[in-house]
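The values are calculated or read from the model by the stated rules, or taken from the named source; none is laboratory data. The shown structure was predicted, so the numbers you read here are calculated from the model rather than taken from an experiment. All Cβ positions, glycine included, derive from the backbone under ideal geometry; neighbour counts span all protein chains shown.
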Amino acid sequence: MKKSLLWIVVLVLSISAVATFSLIGCQAAEEAVEEVEEAAEEAVEEVEEAAEEVVEEVEEEVEKVPAGTYTMKVGHSHTTSAPRHMSLLVFEQLVEKNSEGAIEVELYPAGQLGTEAEMLEQVQMGTIQATRGGSFDEVATELSVYMMPFLFTDPAQFTAIASGPIGDEVAAAALEVGIYIPATGDAGGLRQWTNNVRPIEKPEDIEGLKMRTPPIESIIKIMEAMGANPVSIPYAELYMALKTGVADGQENPLVNIDDKKFYEVQKYMTMANYQIHPDPMFVSNDWYQSLEPYLQEIVTDAAKEMMKYNDTLMTERGEAVLPVMEENMEITYLTDENIQAFIEKCAPVYDYFISEGWFTQELLDKVRSSIQ
């Protein structure tokens with residue numbers, strides 16, 4: 001490429017000299033040729049200097065880190081057959097292959113390293129390097145904007161926003177607590193309600209029910225707004241809590257209800273589609289910043305590809321497991337009229353989160369205007 005550029009320079013200047021020859025005669029043309037040669041030599045020197053600088057920069061960029069230099073421990077609470085773990089396997093393969101083994105990824109599924117809250121704390125302490133889970137409130141309150149009641153009607157609406165500029169803005173807020181979010185996916189699709197007491201068709205049906213809620217403010221406030229009694233139970237203990245009656249019901253997307261087999265201990269399910277949860281990858285920012293720039297890029301790119309695969313799996317799995325739900329529970333599908341009644345019942349939740357400073361009206365408006 002360098003030689004081609006030099007020949008172009010010489011050719012352009014030579015044409016100029018020929019034109020000069022035809023216009024001013026032999027002697028003047030000879031002087032013009034000398035000027036051409038001098039200009040060409042100067043151009044060659046400038047291009048060679050620039051080329052040397054580019055080569056030096058490239059050599060610096062591609063200097064590789066030895067295999068086994070870094071270990072990336074990633075914990076999560078889902079089983080090995082869940083979309084979350086399956087997509088993390090893709091992340092592991094991409095990172096190890098593209099880093100040529102410089103980063104070795106170790107996956108710890110099914111709560112091996114503790115609860116979701118405990119794993120997040122381990123990331124912040126540097127004990128592990130990353131996790132995926134539902135401890136949104138401790139990371140960035142702005143993540144709650146995604147979880148407002150009845151905001152999205154299709155997971156694709158959410159993923160389009162979370163993977164775009166608005167998603168980058170929300171993710172950046174996590175840096176304040178030492179967390180880097182390279183990508184955010186769908187945690188399972190739209191969320192449904194199950195319980196052992198009665199079918200839930202209208203707001204008064206959920207009143208008084210002991211509904212298990214994770215330590216996520218949006219779910220707690222939504223349940224309170226509908227008149228339910230929120231019960232805090234760790235996800236890993238939820239199956240037994242439903243079986244023994246510690247909780248009457250719970251809320252989760254279909255993929256989670258299937259993964260944890262909650263349908264074995266629940267009688268009724270309402271296809272409420274009332275909320276969606278983000279699935280951010282929480283990475284220790286200190287660890288991430290310790291990586292060479294090219295390794296940072298590899299981790300980020302792998303996380304984005306992981307989430308694309310995750311979102312596809314979530315959609316496919318949700319559709320595939322619905323028949324399992326229908327076989328094991330009585331399913332209620334809400335009418336448009338009843339959906340509107342729930343929307344009106346949950347309206348104060350929006351006011352609470354804005355007035356308490358969890359996110360701004362401006363951010364909510366951005367999300368709403370971007371929903372397609």
- Query: Quick one: would you say Y239 is touching a strand residue (DSSP E or B) at 6+ places or on another chain (Cβ under 9 Å), part of a helix (DSSP H, G or I), over 30 Å from A303 (Cα atoms) and among the aromatic types (F, W, Y)?
  - Reply: no
- Item | Residues located in the range 250-290, provided they are among the charged types (D, E, K, R) and either in a strand (DSSP E or B) or surrounded by 23 or more Cβ atoms within 10 Å (Cβ to Cβ) (or both) | E251, D279
- Query: Which pairs do you get when a residue that is touching a residue at least 12 places away in the same chain (Cβ under 8 Å), found in the range 263-275, comes within reach of a residue that is surrounded by fewer than 22 Cβ atoms within 10 Å (Cβ to Cβ) and among the acidic types (D, E), reach meaning Cβ atoms under 7 angstrom, with the pair 6+ apart or on two chains?
  - Reply: K267/E330; Y268/E330
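Collect the residues in the range 166-185 that are more than 24 Å from Q122 (Cβ to Cβ) and touching a helix residue (DSSP H, G or I) at 6+ places or on another chain (Cβ under 9 Å), keeping them in residue-number order.
Filtering the range 166-185 for residues more than 24 Å from Q122 (Cβ to Cβ) gives 166-169.
Listed by number, the residues that qualify are I166, G167, E169.
For the range 187-216, which positions are among the β-branched types (V, I, T) and either within 29 Å of T312 (Cα to Cα) or surrounded by 19 or more Cβ atoms within 10 Å (Cβ to Cβ) (or both)? Spell out how you get there, then give the answer.
Restricting attention to the range 187-216, the residues satisfying the condition of being among the β-branched types (V, I, T) are 194, 197, 200, 206, 213, 216.
Of everything in the range 187-216, those that are among the β-branched types (V, I, T) and either within 29 Å of T312 (Cα to Cα) or surrounded by 19 or more Cβ atoms within 10 Å (Cβ to Cβ) (or both) turn out to be T194, I200, I206, T213, I216.
Residue-by-condition table, conditions (1) surrounded by fewer than 17 Cβ atoms within 10 Å (Cβ to Cβ); (2) in a helix (DSSP H, G or I); (3) of a type in the set (D, E, K, R):
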site	(1), (2), (3)
I298	no, yes, no
A302	no, yes, no
A320	yes, yes, no
E337	yes, yes, yes
E344	yes, yes, yes
P348	yes, yes, no
Y352	yes, yes, no
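Residue check: is A302 over 26 Å from the mean Cα position of the chain (by Cα) and either modelled with pLDDT of 95 or more or not hydrophobic (A, V, I, L, M, F, W, C) (or both)? Step through it out loud before you land on a result.
Values: over 26 Å from the mean Cα position of the chain (by Cα): no; either modelled with pLDDT of 95 or more or not hydrophobic (A, V, I, L, M, F, W, C) (or both): yes.
Considered against the rule, which asks whether it is over 26 Å from the mean Cα position of the chain (by Cα) and either modelled with pLDDT of 95 or more or not hydrophobic (A, V, I, L, M, F, W, C) (or both), A302 comes out as no.
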